[in-house]
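What follows is one structure encoded as structure tokens, with my remarks underneath.
The values are calculated or read from the model by the stated rules, or taken from the named source; none is laboratory data. This one's a predicted model, so the numbers in the text were calculated from it and none came from an experiment. Every residue, glycine as well, gets a Cβ built from its backbone with ideal geometry; the counts of neighbours run over all protein chains shown.
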Amino acid sequence: MSKKILIANRGEIALRALRACRELGLKTVSVYSEIDKDLKHLKFSDETVCIGPAIPAESYLNVPSILSAAELTEVDAIYPGYGFLAENPDFAEQCDKSGFKFIGPNSDTIRKMGDKITAKAFVSKFNIPIVPGYSDDLPEDDEQLKTIVNNIGYPVIIKATAGGGGRGMRIVEAEDELLSTIDITMQEAGNAFGNNKIYIEKFIENPRHIEVQIVGDGKGNAIHLGTRDCSMQRRHQKIIEEAPALDIDSQNLQNILDSCVNLCKEINYEGVGTLEFLYENKNFYFIEMNTRIQVEHPVTEMITGFDIVKAQLRIALDLGITLNQDEISFNGHAIECRINAEDPETLQPSPGVISKMHTAGGFGIRYDSHIYGGYYVPPFYDSLLAKIITQANTRKSAIKRMISALDEFFVEGIKTNQPLHQDILNDKKFIENEHTINYLEKEFLKLK
């Protein structure tokens, strides 16, 4: 008898998961909010269940509603995707207690790696370098606190331990900004995450953002699928991602790859995950681990031919998978552009009805999206509309292919950031791979 999977997400990742389930012969149940009744993947799902109003807290973040839908439809497992409840250890734990397999790591692993302070202390045991900083409870004495930060060295960055998505972090350039910035960050963290705990790190001023994709079977076997470069970002939000990361010191990279795999083997990591690093002056600095699939996973799939979503399903449902590093080969270069429903200059969200559109296509071009002509883009969720991915033998060829794909793609009725992507892809510094995480915000957009 075929197993049945509940897809606890929406948009392009829900459609991606549904397609993988169908390839594996798995039955699907898709949950949706009232405003999402016209999502594309619902038309192809074996069963659908409305779980509440548009507001995420009452639908996609409503654990009782999701578990009730799972019980009603008698599913075997729950697929969380990314965002929403994907890295919520309590949800993973409740799934297991209710008799449903959570497709991802166990709740203890999510909890350990989800707290940035705990994660850094843990990974440092596996020869993984971390950013210098202070993660203990902050002293109440202001002078003592200032001494601690002076020893780290300005500039520093104040981060919420439960932060993510670019929120809950502020840079302090000098001592006279320290105390007020800490107060503001704690207040922001408490409001956004329900946890006002913070930590302090040395601010790495002009790094690149490098990721390592790993896969573990939960039985002590693990492999890596190489690197990604996600340095083109604004306000800590990624805009363009590519694989592999180029111009990296080979010896340091191999040490990092080996350490990441050894970590996952040691903890019997189950599922897919990404270790994220800052990279500057040939040095890696671990910043966090995402215990879920990443938005940018297609660029890794394009250069390896390894289906990451099907691997998640196979591992969780014990459908048989062999993880052998020697079988992973890397071919060419891939680039992904995130097409968002937003003004290309202000980057403010642009919800509304898509009156007309045309998708990109052709040799070496992949298009992941849930949108269609007549689709209403609601204002309640992330603004991601589509991901256009190109693959070619070289990075410059992949860029040229992406320029062609973007010229062909269009959406009417709402604004998108497509013009921003077109400008970036024709930018000399991007073409020469000389950009860092600060380039888009501090140089490129200012020049425009």
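Is there a residue being touching a residue at least 24 places away in the same chain (Cβ under 8 Å) and loosely packed, with under 13 Cβ neighbours inside 10 Å anywhere in the stretch 180-193? No, the stretch 180-193 contains no residue that is touching a residue at least 24 places away in the same chain (Cβ under 8 Å) and loosely packed, with under 13 Cβ neighbours inside 10 Å. Could you list, in sequence order, the residues of the stretch 130-153 that are farther than 20 Å from Ser180 by Cβ and in a strand (DSSP E or B)? Ile130 - this is the single residue of the stretch 130-153 that is farther than 20 Å from Ser180 by Cβ and in a strand (DSSP E or B). Residues in the stretch 28-67 that are assigned to a helix (DSSP H, G or I) and either of a type outside the set (D, E, K, R) or surrounded by 15 or more Cβ atoms within 10 Å (Cβ to Cβ) (or both): how many? Residues in the stretch 28-67 being assigned to a helix (DSSP H, G or I) and either of a type outside the set (D, E, K, R) or surrounded by 15 or more Cβ atoms within 10 Å (Cβ to Cβ) (or both): 12 in total. Out of Lys387, Lys396, one residue alone is surrounded by fewer than 14 Cβ atoms within 10 Å (Cβ to Cβ), on the phi < 0 side of the Ramachandran plot and not polar (S, T, N, Q). It is Lys396. Among the residues of the stretch 125-155, the ones that are surrounded by fewer than 14 Cβ atoms within 10 Å (Cβ to Cβ) and either among the charged types (D, E, K, R) or in contact (Cβ under 8 Å) with a residue 40 or more places away in the chain (or both) come to 9 in all.
Could you tell me whether Glu87 is modelled with pLDDT of 95 or more, surrounded by fewer than 20 Cβ atoms within 10 Å (Cβ to Cβ) and not aromatic (Phe, Trp, Tyr)? Criteria not met by Glu87. When only residues in the stretch 371-396 that are of a type in the set (Ser, Thr, Tyr) and under 21 Å from Lys428 (Cα atoms) count, which is farthest from the chain's Cα centre (by Cα)? So, considering only residues that are of a type in the set (Ser, Thr, Tyr) and under 21 Å from Lys428 (Cα atoms), the one farthest from the chain's Cα centre (by Cα) is Thr394. Of the residues screened, Gly220 is not one that is outside the structural domain of Ile339 (by TED's automatic domain parsing) and of a type outside the set (Val, Ile, Thr). Looking at Gly352, Gly271, just one residue is in contact (Cβ under 8 Å) with a residue 60 or more places away in the chain and closer than 21 Å to Phe102 by Cβ, and that residue is Gly271.
Determine, yes or no, whether Ser68 is polar (S, T, N, Q), under 20 Å from Leu18 (Cβ atoms) and out of contact with any helix residue (DSSP H, G or I) (no Cβ under 6 Å at 6 or more places or on another chain). Answer is no for this residue.
Is there a residue in the stretch 189-209 that is among the basic types (Lys, Arg) and more than 22 Å from the chain's Cα centre (by Cα)? Yes, that holds for at least one residue.
Of everything in the stretch 1-15 that is basic (Lys, Arg) and surrounded by fewer than 23 Cβ atoms within 10 Å (Cβ to Cβ), the residue that is farthest from Ile78 (Cα to Cα) is Lys3.
If we scan the stretch 113-121, do we find a residue that is of a type outside the set (D, E, K, R), buried (at least 21 other Cβ atoms within 10 Å of the Cβ) and closer than 21 Å to Val309 by Cβ? Looking for residues that are of a type outside the set (D, E, K, R), buried (at least 21 other Cβ atoms within 10 Å of the Cβ) and closer than 21 Å to Val309 by Cβ, one finds at least one in the stretch 113-121, hence yes.
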